[in-house]
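Student: Structure below; questions to follow.
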Amino acid sequence: MSNTPGRPLRADAERSVRAILAAAERVLAGTPGASMEQIAEAAGVTRTTVHRRFANRQALIDALAAEAAVKLAEAIEDGHPETAPPLVALHRATANVLRVKAAWGFALGPAAEQSERAARTHEDIARRCVELLGRIRAEGVIAPDADLEWVRRVFYALIGEALHGEGGAGPVDADPDTLAARIVDTLLHGVGPRASG
């Protein structure tokens, strides 16, 4: 959380860091070039407090990206991808991911992609996604010769489209469960006509 990994923070310091990260997400989502001073003001702390927790702006962005990646991993874990029926897990994880991505748009976007800590978490998320898709393939819902890494990439692209809409105009639909159903249906069945009977 702070830039001294491994050393636990006191409760007040932890609250301060959380307030700074929440403010950073809000401010940077609207103004990506915002200064540390603007973030401090939005967090209700002094600029000195922000600098005490984060050596520089990049350290703050790295921490923000790592925090958002953890939230994303928790959202997926809440879908129980290893133990729930695979289609149930996929739907639930998808709806949860949509919620997190909508709340952490800056931290999960291109501007925060350089964080090594976040990158490791995203690699683990991708691995777990492919494993879940493997469980779905084993049930015969995905073709046995499907390239699961490609399926994962298409899945991610559908989530991106659902969140950003045409030209980044915002969510296609505000309800994550409705969007999740649409994404999963498109991923698994495409857009061709359904077999009758």
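Read the figures in this text as sums done on the coordinates, not as results from a lab. Just so we're clear, the structure is a prediction, and the values are computed from it rather than from any experiment. Neighbour counts are summed over all protein chains in view; Cβ atoms, including those assigned to glycine, are modelled from backbone coordinates with ideal geometry.
Student: Taking the 0 to 90 degree range and rounding to the nearest ten, how far is the long axis of helix 116-138 tilted relative to the main principal axis of the chain, both from C-alpha atoms?
Tutor: Tilt of helix 116-138: around 20 degrees.
Student: Please compute the length gained on full extension between T31 and A102, using 0.36 nm multiplied by the number of residues separating them and subtracting their Cα-Cα distance.
Tutor: Values: separation 71, 0.36 × 71 = 25.56 nm, distance 1.63 nm.
That pair, T31 and A102, stretches by 23.9 nm at full extension.
Student: If you don't mind, there's one more thing I want to ask. Can you give the net charge of the other residues whose Cβ lies under 12 Å from the Cβ of T46, counting K and R as +1 and D and E as -1? Intermediate results must be reported in sequence, preceding the final value.
Tutor: Numbers: positive: R47, R52, R53; negative: E37, E41.
Once positives and negatives cancel, what remains is +1.
Student: A further question follows. Can you give the angle from 0 to 90° between the axis of helix 148-164 and the longest principal axis of the chain, with both taken from C-alpha atoms, to the nearest 10?
Tutor: Its long axis makes an angle of about 60 degrees.
Student: What is the sum of charges around F155, taking Lys and Arg as +1, Asp and Glu as -1, for the other residues whose C-beta is under 15 Å from the C-beta of F155? Walk me through the numbers before you get to the answer.
Tutor: Values: positive: R92, K101, R127, R128, R135, R137, R152, R153, R182; negative: E131, D147, E149, E161, D185.
Charge balance near F155 sits at +4.
Student: I need the calculated FRET efficiency for the pair D147 and R194, taking r as the beta carbon distance and R₀ as 35 Å, to the nearest 0.05. Intermediate results must be reported in sequence, preceding the final value.
Tutor: Details: r = 24 Å, r/R0 = 0.68.
So, using R0 = 35 Å, E works out to roughly 0.90.
Student: Moving on. Work through the residues other than A63 whose Cβ is under 9 Å from its Cβ and net out their charges, Lys, Arg +1 and Asp, Glu -1.
Tutor: Values: positive: R53, R117; negative: D62, E67.
Neighbour charge sum, excluding A63 itself: 0.
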